[in-house]
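For reference, the structure discussed in these notes is given below.
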Amino acid sequence: MQEKKCACQDCNCQLGETAVMKDGKGYCCQGCAEHHAHGEPCASATGCECTKSAHG
Ligand SMILES: [Zn+2]
Ligand SMILES: [Zn+2]
Ligand SMILES: [Zn+2]
């Protein structure tokens, strides 16, 4: 069984019940789905730094 991981480049979050599907890829949250275009934080509170990476 394959684990579903967020398609955001630097995000290591698993897809949970808040997963967002976009362009055939799964993202863990709306922020990731929008590639943090507006600096939305990653919904995961586990210290994920994908927002920083995407914004820089
Ligand atoms: Zn993340
Ligand atoms: Zn994510
Ligand atoms: Zn992200």
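The values are calculated or read from the model by the stated rules, or taken from the named source; none is laboratory data. Worth saying up front: this structure is predicted, and the values here are computed from it rather than measured. When we count neighbours, we look across all protein chains shown, and the Cβ atoms used for this are built from the backbone with ideal geometry, even at glycine.
Among the residues of the stretch 16-34, those identified as buried (at least 17 other Cβ atoms within 10 Å of the Cβ), within 12 Å of ligand 3 (Cβ to nearest atom) and outside any strand (DSSP E or B) are 28, 29, 31, 32, 33.
So which pairs qualify, if the first residue must be in the stretch 31-42 and of a type in the set (A, V, I, L, M, F, W, C), the second must be at pLDDT below 90 and in a loop (DSSP other than H, G, I, E, B), the Cβ gap must be under 6 Å, and the two must be at least 6 apart or on different chains? Going by the 6 Å Cβ cut-off, the qualifying pairs are 42/48.
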